[in-house]
Each structure stands twice: as C-alpha cells, then as structure tokens.
Amino acid sequence: MIYDLHTHSNASDGILSPEALVSRAKQRGVTHLALTDHDTVQGLQSARQQAALEDLVLIDGIELSCVWAGRGIHVVGLNIDPESAELQSAIAAQKEAREMRAIEIGRRLEKAGIRGALEGAQKLAGEAVLGRPHFARFLVAEGHVNNIAGAFKQYLGAGKLGDVKHRWPDIAEVTAIIVQAGGVPVLAHPAKYELTRTKLRELLAEFKACGGLAVEVISGQQPPNETETMAGMANLFGLHASCGSDFHVPDQPWQELGGFSDLPSGCTPVWQLWH
Ligand code: MN
Ligand code: MN
Ligand code: MN
C-alpha cells in the first residue's frame, strides 16, 4: 500500500485537474490518495469519481492556513466531511480573506508600475482560489521576472511588497473546524517552518492540546535525519504519523506523487485512526 496524504490540484495552486491528479497517482502506484487543496473542497467530487474509475482510495482532505505565534502554519484535515456546515463557513471566510488580500497585492503591484496584475492572476487562477502563485505566474508570463522563484524573491516573498498580511484564523480555530467536520487534524510539513527544536515542541504541544492528532513525519523529499527527528517528536507527543508529497506540479521529483510513504517503523500511522 502506498499512501500519499497531501496533494494539490488546480482547485487550489496545483497544475493538474483533480481527475488528472488521481490518474497520475494511480500510475505512480498510490493506493490511498488524499486531495488536500488550500482552503477548498472544490476538487473532491471530481477526484472521487475518478478514483472510483481507477480503483484507488480517495481520502477527502483540505489544507487550512492559520497562525501560531505570529507564524503562518498549515493544518491538513484528513477524512473530513466536505459538506460540514462549520467547514463550509470557514472556507467562505478564508476565501473572502484571500480575495481581499489579492486585491491589495494587485494594488501594490500596480503602484510599483506593474499593470493588470490582479486581472492577470485571476485569469490564471480560473476557478481556483486566487493566491500568490498565480501572481507569480503572471509576473513570469509578462516578463517581469525569469521564473517563479524570482517572482517570490523580488515581489511576493516575505518582506516584499506583495507580502500582504491579513488575519488568518489561529491554530485552535482550524483544528476545531477539522474536528467538527469529522476529520483528523494533521500538522503539515513541520520542517518548513524553520523552527528551533524548542519552538517546534511548543507548537506540537499546543497543536495536541487543541485536538491535533497527527503530524507529517514525511513531507516530500527530506534528509533522513529530519524524518527521524519528526518521528521522535510525533511519538513524544502521542501524535500519529502522516506522510505525503505536497505535490503541486508534475516532474518535480522532490514532490512527486507516491514517492514519500515509508514511515519509520516506530511510528503509528495516521490511517490507523480510520481503519
Ligand atoms: Mn501550495
Ligand atoms: Mn502547506
Ligand atoms: Mn500543501
């Protein structure tokens, strides 16, 4: 069995349609796939239909943004009920917050002499939730920068003009919403926050106290010692272990579907919570 419990489709900032994502996962040997788009469950229905055709288990998921101690943190919800009223209203609030932020990013880019960024990013986003990656693609397409990384470095990354803050819910709120939706709250990619060990322990303790149940011991390609550290942390706090690629785009081997499912033997896999 190969689990990939963190992936994105073009319902958020991924490239593939939900159907194409499921097909690619199947080709890559994934048996259990969670679609966890940012702040939306829009792609789940199409993914579920495709998963039935391809004989693959689809786990309904979402990735919610929040703040903890002034930092942006992501919490994945696995096995959620996409119809949950609490989840639906949280999604609506996030969507509005993101739209307000996108308008502000567009305004600031305009002021910096970059015309039509909001409209351009909206066009690229289509039905998806508009985010900085769409602005990045717009900046590349219009020749303002050479690539996506350059767009973040120059315009959209931390401290740059497009780095617009807005009020995200806190970690307790998003964890509660996932629980209310019948799901398992999973702390996403703990290494990406670049916390000290002490801070990471504080985060995990608080997440657990809020009702968090699991942590991504594996998130895409990472050094073996990081996997061991995260496994130790999960066990220390009595959290189950999850794993996923955080797939967004094909042919990025460090985030490819199905490539990151070998949890260390001492871990308690998150799927034990629903088997
Ligand atoms: Mn993303
Ligand atoms: Mn994330
Ligand atoms: Mn993600």
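The values are calculated or read from the model by the stated rules, or taken from the named source; none is laboratory data. Since the model is a prediction, treat every value here as computed from it, not as a measurement. Methodologically, a virtual Cβ is constructed for each residue, glycine included, from the backbone with ideal geometry; neighbour enumeration extends over all protein chains shown. With ligands, DNA and RNA removed, areas are computed over all heavy atoms of the protein, side chains included. Shrake-Rupley method; radii C 1.70, N 1.55, O 1.52, S 1.80 Å.
Among the residues of the stretch 232-247, those identified as in contact (Cβ under 8 Å) with a residue 40 or more places away in the chain and open to solvent by less than 30 Å² (accessible area, probe 1.4 Å) are Met233, Leu239, Ser242, Cys243, Gly244, Ser245, Asp246, Phe247. Within the stretch 25-59, the set of residues being closer than 18 Å to Asp81 by Cβ, open to solvent by 20 Å² or more (accessible area, probe 1.4 Å) and in a loop (DSSP other than H, G, I, E, B) comprises Val41, Gln42.
For the stretch 45-89, the set of residues classified as within 16 Å of ligand 1 (Cβ to nearest atom) and either under 18 Å from Ile2 (Cα atoms) or free of Cβ contacts under 8 Å to residues at least 12 places away in the same chain (or both) consists of Gly61 only.
Scanning the stretch 249-270 for residues that are surrounded by 18 or more Cβ atoms within 10 Å (Cβ to Cβ) and either within 15 Å of ligand 2 (Cβ to nearest atom) or among the polar types (S, T, N, Q) (or both) yields Gln255, Phe260, Ser261. Would you check if Arg167 is in contact (Cβ under 8 Å) with a residue 24 or more places away in the chain, open to solvent by 40 Å² or more (accessible area, probe 1.4 Å), out of contact with any strand residue (DSSP E or B) (no Cβ under 7 Å at 6 or more places or on another chain) and within 23 Å of Asp39 (Cα to Cα)? In short, yes.
Go over the candidates Ala97, Ala128 one by one and state the one that is outside any helix (DSSP H, G or I) and closer than 24 Å to Gln42 by Cβ. Step by step, each of Ala97, Ala128 is checked, and only Ala128 is outside any helix (DSSP H, G or I) and closer than 24 Å to Gln42 by Cβ. Checked against (1) surrounded by fewer than 19 Cβ atoms within 10 Å (Cβ to Cβ); (2) within 18 Å of Trp271 (Cβ to Cβ); (3) within 12 Å of ligand 3 (Cβ to nearest atom); (4) of a type outside the set (Val, Ile, Thr), Met1 passes all but condition (3). Of the set (1) buried (at least 22 other Cβ atoms within 10 Å of the Cβ); (2) under 25 Å from Ile62 (Cβ atoms), all apply to Phe152 but (1).
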